[in-house]
Amino acid sequence: MPIKQFDKWIDSIVSKYEIEAQCCSKFSGVFSGYYSPEYLAKCKFVVTDVIPKPDIPELRHIGLGDFLDMDCGAITYKHMYFMKPQHQENLEIHIHELMHTIQWEQLGGEGFLKRYVQEINEHGYDNAPLENMAYDLGRSFKSGGAVVDVANLVREKI
C-alpha cells in the first residue's frame, strides 16, 4: 500500500533532518494564543533549497502526480515542515504549516495521508479542505484577525 510506504518515507526524512531543524519555540511570542509554547517546542522546521518529496511511483497511481510535481514553497511532514529560503521570514507560511502539524497530530500519520490524498483527488489542491483550513488561518493571521486556538479549531473542523 503506497500510504504505508509514504508514511515510512516521511519518518526517515524527519529523522534525517532532525539535527539541522530549527525549533518552532522561536514563534511562541508571535503565535501566542494560536499554539501553546509546549506544542511549538515539539515542532521544527528546515530551510532548504529543495523540498523533499518521495520517489514512490505508486503515489502517482493513486492520484498524487500533480502534487508530487508541484513546485511548492513549503511542505509539512508530521511535526516538521520544510521551506525554501525565500519564505523563512514569512509568518503567514509558518502559521499555515504549523496548522498542518496539528492536522497530522490529530489524524495520525496514515489518517492524515489518506484524507489528504482523498481531498486532493476529489477537490484538487486549491479546494482541498485541509489546505483551505490552513490558508484561511494564514490569511486571518496576516490581516490581524482574531486569535484562535488552532488545536481546538482543527478538532472542530475535522
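If you go through segment 46-93 and keep only what is without any contact (Cβ under 8 Å) to a residue 60 or more places away in the chain, closer than 19 Å to LYS8 by Cα and under 11 Å from the mean Cα position of the chain (by Cα), you end up with ILE75, THR76, TYR81. Put simply, of ILE56, ILE75 the only residue that is within 26 Å of ALA151 (Cβ to Cβ), aliphatic (A, V, I, L, M) and open to solvent by less than 40 Å² (accessible area, probe 1.4 Å) is ILE75. Consider segment 85-100 and keep the residues that are outside any helix (DSSP H, G or I) and within 14 Å of GLN22 (Cβ to Cβ). The one that is least open to solvent (accessible area, probe 1.4 Å) is GLN88.
Please work out if ARG139 is open to solvent by 50 Å² or more (accessible area, probe 1.4 Å) and over 23 Å from MET83 (Cβ atoms). The answer is no for ARG139.
Applying a threshold of 8 Å to beta carbon distances and a minimum spacing of six or more residues, or different chains, the list of pairs starting in segment 132-157 at a residue that is closer than 9 Å to ILE95 by Cβ and ending at one that is open to solvent by 40 Å² or more (accessible area, probe 1.4 Å) and charged (D, E, K, R) reads GLY138/GLU92; PHE141/GLU92; LYS142/GLU92. Residues in segment 32-53 that are open to solvent by 50 Å² or more (accessible area, probe 1.4 Å) and under 17 Å from MET83 (Cα atoms): 2 in all. Of the residues making up segment 119-153, just one is β-branched (Val, Ile, Thr), part of a helix (DSSP H, G or I) and at pLDDT 95 or above, namely VAL150.
Taken as a whole, the condition of being acidic (Asp, Glu), part of a helix (DSSP H, G or I) and out of contact with any Ser or Thr (no Cβ under 6 Å at 6 or more places or on another chain) applies to GLU105. Looking only at residues in segment 101-131 that are surrounded by fewer than 17 Cβ atoms within 10 Å (Cβ to Cβ) and either under 12 Å from the mean Cα position of the chain (by Cα) or acidic (Asp, Glu) (or both), the one that is nearest to ILE75 (Cα to Cα) is ASP126.
So, in segment 113-134, how many residues would count as being of a type in the set (A, V, I, L, M, F, W, C) and over 14 Å from LEU59 (Cα atoms)? Count: 4. State yes or no: is MET99 closer than 25 Å to SER15 by Cβ and modelled with pLDDT of 95 or more? Taking the combined requirement at face value, the residue satisfies it.
The values are calculated or read from the model by the stated rules, or taken from the named source; none is laboratory data. Everything numeric in this text was worked out from a predicted model, so none of it was measured. Reconstructed Cβ throughout: ideal geometry from the backbone, glycine too, with neighbour counts over all protein chains shown. Just so you know, the surface numbers come from the protein's heavy atoms only, side chains and all, with ligands and any DNA or RNA stripped out. Shrake-Rupley method; radii C 1.70, N 1.55, O 1.52, S 1.80 Å.
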